[in-house]
Amino acid sequence: MTTDEIAPELLASIQAEARTVERARLEALDAMAGPGLTEIITKAKTEGKQPGDIAMECLAVTKQQLNASQTTSALARDAAAARGLPAGDAPAGKPQEKPEAKGARLVAAAFKLTRPRGLARASLNGHRN
């Protein structure tokens with residue numbers, strides 16, 4: 001059927017309903033607007049997508065921004081707490097053990113666990129049990 005074959009009143013009613021539905025779709029997409037969502041919403045409008053079609057994508061972007069915001073807030077709180085302290089007053093970290101010293105300590109600990117005490121002393125003194 002073509003538009004010429006439809007009664008003018010019916011065609012006007014269909015067109016009015018289509019405009020109403022399209023206006024509601026665009027308003028719903030606009031209501032989803034938020035930081036970082038402009039591109040997603042603009043693309044949805046031009047491609048005829050419904051709000052439900054892009055909801056998960058918008059949620060992912062919003063969650064990512066929330067995590068970034070929380071991280072920034074935590075860093076700002078930490079910086080505010082340290083404001084006014086000279087750098088020398090910062091707590092010192094635990095000194096790092098040199099790899100060679102750590103290796104020697106681990107080997108010594110392993111031998112202590114695997115050799116019986118009496119045998120270790122006897123071999124050091126040149127005696128056998």
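The values are calculated or read from the model by the stated rules, or taken from the named source; none is laboratory data. From a predicted model like this one, the values you see are computed outputs, not experimental measurements. Here the Cβ positions follow ideal geometry from the backbone for every residue, glycine too, while neighbour counts run over all protein chains shown.
Below is a table of values for the structure above.
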read-out	value
Single unsatisfied condition, Met56 versus (1) exposed (fewer than 10 other Cβ atoms within 10 Å of the Cβ); (2) not in a helix (DSSP H, G or I)	(2)
Set Ile41, Ile14: member being out of contact with any Leu (no Cβ under 7 Å at 6 or more places or on another chain), part of a helix (DSSP H, G or I) and without any contact (Cβ under 8 Å) to a residue 24 or more places away in the chain	Ile14
Any hit, the range 17-31, residues being surrounded by 10 or more Cβ atoms within 10 Å (Cβ to Cβ), touching a Cys at 6+ places or on another chain (Cβ under 9 Å), small (Gly, Ala, Ser) and at pLDDT 90 or above	no
